[in-house]
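Notes follow the structure.
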Amino acid sequence: MVDSWGGWVWRAANAGAVEFPATADDPVLGAAEAPFVYISIGVAAAAVVMLAGAWAWRYYSQRRTRKRRAVEGLKHARAHTTEVERVFREWLLPTILIIDSNIWMNEEPGYEAFFAVLMAELRRGKRHLLLYGPQFDEIANILRESGPQDERRRQASLAIKRIESFQKHRLLRIEAIEAGAREDAHADVFIVDILRSHIERGNPVSFVTDDQELRVRTRELLQQAVDRHGPVTYSIVEGDWLAELCPYYCREHGVRYDEKSTWIKTAPA
């Protein structure tokens, strides 16, 4: 026999279609069939090697891509966390902070993260929030006047649970509250007047709201007050922007929050 079976396969895989001698003493194949079969086996072996190489390249390429994306995602998350820390520690908490009712009542998970971060930062800075009676009365009136299946009733109930949670942790005080809710309570005008009065007294203020019209109106009135009474710091912050960033802070610092918007359970005061 001219060559061994393994020799034909090796030569076919490495040399491609070569001229094979046709021999009559091949123990398996006849003289006419041997070259063609050996060529087919060699091509198949080469194809297997190529496929294995392609699969290995794709696997390691995807692995590198996943690793790169994970690193980029980590950098992205840390950048957002740093931004949240800066907003809370430099903009919001050093000032008189008022949170609009539409933030307290929002059921989306990002707002759960916002209130979890707010609670953590208030504890860290040993500070507390101010809520005003007319604002609480407005939420209480929505709860009382809405039907059992009304979405606004569910949102008002959530807001009161959140407010009570901050109150139990001694992180919130309610000013100008009365024994019963005023039926004509409307918070927007009251909040703008309160913010403006603080500016006139030289107190820095911050206001978080998702009401675009109210943001425009408040920003203009506060700027007019600053122009009249001298430079005072104020911040008007969009709630949905904070709600987008706060989950990154929670994951980075291990702050737990309920993504189903049932609010966190607290121990009795």
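With Phe136, Phe114 as the choices, which residue is at pLDDT 95 or above, in contact with a strand residue (DSSP E or B) (Cβ under 9 Å, 6 or more places away or on another chain) and either hydroxyl-bearing (Ser, Thr, Tyr) or in a helix (DSSP H, G or I) (or both)?
Numbers: Phe136 fails: at pLDDT 95 or above.
Just one listed residue meets the conditions, Phe114.
Give me the residue from the stretch 121-135 that is touching a residue at least 40 places away in the same chain (Cβ under 8 Å) and touching a helix residue (DSSP H, G or I) at 6+ places or on another chain (Cβ under 7 Å) and, out of that set, nearest to Gly180 (Cα to Cα).
So, considering only residues that are touching a residue at least 40 places away in the same chain (Cβ under 8 Å) and touching a helix residue (DSSP H, G or I) at 6+ places or on another chain (Cβ under 7 Å), the one nearest to Gly180 (Cα to Cα) is Pro134.
Within the stretch 207-214, is even one residue among the hydroxyl-bearing types (Ser, Thr, Tyr), assigned to a strand (DSSP E or B) and surrounded by fewer than 19 Cβ atoms within 10 Å (Cβ to Cβ)? If you could, list the steps in order and put the result at the bottom.
Residues of the stretch 207-214 that are among the hydroxyl-bearing types (Ser, Thr, Tyr), as a first pass: 209.
If we keep only those that are assigned to a strand (DSSP E or B) as well, we get 209.
Next, from what is left, pick out any that are surrounded by fewer than 19 Cβ atoms within 10 Å (Cβ to Cβ): none.
No, that holds for no residue.
Is it fair to say Ile236 is surrounded by 14 or more Cβ atoms within 10 Å (Cβ to Cβ), touching a residue at least 12 places away in the same chain (Cβ under 8 Å) and in contact with a Gly (Cβ under 7 Å, 6 or more places away or on another chain)? Full working, then the answer.
Numbers: surrounded by 14 or more Cβ atoms within 10 Å (Cβ to Cβ): yes; touching a residue at least 12 places away in the same chain (Cβ under 8 Å): yes; in contact with a Gly (Cβ under 7 Å, 6 or more places away or on another chain): no.
No, not satisfied.
Output the qualifying pairs, or none if there are none: Cβ atoms under 8 angstrom, residues six or more apart or on different chains, first residue in the stretch 165-191 and on the phi > 0 side of the Ramachandran plot, second residue in a helix (DSSP H, G or I).
Final answer for the pair search is Ala176/Gly133; Ala176/Pro134.
On the basis of being farther than 26 Å from Tyr248 by Cβ and open to solvent by less than 10 Å² (accessible area, probe 1.4 Å), does Leu122 make the cut?
Working: farther than 26 Å from Tyr248 by Cβ: no; open to solvent by less than 10 Å² (accessible area, probe 1.4 Å): yes.
Answer is no for this residue.
Residue-by-condition table, conditions (1) within 18 Å of Leu214 (Cβ to Cβ); (2) of a type outside the set (D, E, K, R):
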residue: Ile142; (1), (2): yes, yes
residue: Ser165; (1), (2): no, yes
residue: His169; (1), (2): no, yes
residue: Leu172; (1), (2): no, yes
residue: Ala176; (1), (2): no, yes
residue: Ala179; (1), (2): no, yes
residue: Asp188; (1), (2): yes, no
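Taking only the stretch 177-192 into account, find how many residues are of a type in the set (A, V, I, L, M), over 14 Å from Arg144 (Cβ atoms) and either surrounded by fewer than 11 Cβ atoms within 10 Å (Cβ to Cβ) or out of contact with any Gly (no Cβ under 6 Å at 6 or more places or on another chain) (or both).
Step one: of the stretch 177-192, the residues of a type in the set (A, V, I, L, M) are 177, 179, 181, 185, 187, 189, 191-192.
If we keep only those that are over 14 Å from Arg144 (Cβ atoms) too, we end up with 177, 179, 187, 189, 191-192.
Keeping just the survivors that are either surrounded by fewer than 11 Cβ atoms within 10 Å (Cβ to Cβ) or out of contact with any Gly (no Cβ under 6 Å at 6 or more places or on another chain) (or both) gives 179, 187, 189, 191-192.
Residues in the stretch 177-192 being of a type in the set (A, V, I, L, M), over 14 Å from Arg144 (Cβ atoms) and either surrounded by fewer than 11 Cβ atoms within 10 Å (Cβ to Cβ) or out of contact with any Gly (no Cβ under 6 Å at 6 or more places or on another chain) (or both): 5 in total.
For Asn106, all conditions in the list (1) open to solvent by 70 Å² or more (accessible area, probe 1.4 Å); (2) touching a Leu at 6+ places or on another chain (Cβ under 9 Å); (3) not in a helix (DSSP H, G or I); (4) not hydroxyl-bearing (Ser, Thr, Tyr) hold save one; what is the number of the exception?
(1)
The values are calculated or read from the model by the stated rules, or taken from the named source; none is laboratory data. If you're wondering where the values come from, they're calculated on a predicted model, not measured in any experiment. When we count neighbours, we look across all protein chains shown, and the Cβ atoms used for this are built from the backbone with ideal geometry, even at glycine. Only protein heavy atoms, including side chains, enter the accessible area calculation; ligands, DNA and RNA are left aside. Shrake-Rupley method; radii C 1.70, N 1.55, O 1.52, S 1.80 Å.
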